[in-house]
Amino acid sequence: MASVDVFDILNKVREALKKRGARTIAGLGRTFRALDSYDGNKKVDAEEFSVGLRENGVDLTQEEADALLTYFDKDGDGNVCFDEFLVGIRGRINERRDAIALKAFLKFAKDCSGEITVDDMRGVYTTEFHPKKQSGEMTDDEIFLDFLSNFGDKNNDGIITKEEWIEYYSAVSSNIDNDDHFILLMRNAWQLD
């Protein structure tokens, strides 16, 4: 069996998706989410991975599909996190998207420390109307920590670094084909000018 180059396979996948049009990467994300609907773990196994690629016009040999799956299977569990896969297929976030994501980050990280903490959240994000605050189930700090965990706080230290923030928005970005739409979403979500 001949050895396969994962970067050649990635280029093959990108070219196949490009031929299908601008909306294909977002379509690939929708396909993977639909395939994942059984357990909702945001991962696809080897069979779902191959099916998802085929359904989006990407024909790979079994050896190529296996090599690609192995490349994206970061924890060795035989599954691919589809957000990481979509970011890998699309590539790095472009300059326009990076600039607006950084602008949102800086709205929170006012002390220029390069990270967002619970203290940075106060005054920018309010918990006043949060249902669990109103019911007494969670304190302000618990709500802030929960909020931060949604933005990729990988080590659960209650701190979001600029890298974690950009990585999170790279995954979001990979599901949005149009730069202007991504920028509008960011402006509206974080009330940026």
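Worth pointing out:
- Positions within the stretch 90-128 being among the aliphatic types (A, V, I, L, M), without any contact (Cβ under 8 Å) to a residue 60 or more places away in the chain and either assigned to a loop (DSSP other than H, G, I, E, B) or within 16 Å of Trp190 (Cα to Cα) (or both), in sequence order: Ala99, Leu106, Ala109, Ile116, Met121, Val124
- Filtered residues of the stretch 30-53 (kept if charged (D, E, K, R) and out of contact with any Leu (no Cβ under 6 Å at 6 or more places or on another chain)): Arg30, Arg33, Asp36, Asp39, Lys42, Lys43, Asp45, Glu47
- The stretch 172-193: number of residues that are small (Gly, Ala, Ser) and crowded, with 19+ Cβ neighbours inside 10 Å: 2
- If the condition is being over 22 Å from the mean Cα position of the chain (by Cα) and modelled with pLDDT under 80, then the stretch 1-18 contributes Met1, Ala2, Ser3, Val4.
- Against the criterion of being within 27 Å of Leu184 (Cβ to Cβ) and out of contact with any Pro (no Cβ under 8 Å at 6 or more places or on another chain), Lys132 does not qualify.
- Identity of the residue in the stretch 59-76, over 14 Å from Glu47 (Cα atoms) and in contact with an Asp or Glu (Cβ under 9 Å, 6 or more places away or on another chain), that ends up modelled with the lowest pLDDT: Lys74
- Answer residue from the stretch 41-89, given it is among the small types (Gly, Ala, Ser) and outside any loop (DSSP other than H, G, I, E, B) and is surrounded by the most Cβ atoms within 10 Å (Cβ to Cβ) among those: Gly52
The values are calculated or read from the model by the stated rules, or taken from the named source; none is laboratory data. All values reported here derive from a predicted model rather than from experimental measurement. Backbone-built Cβ (ideal geometry, glycine too); neighbour counts: all protein chains shown.
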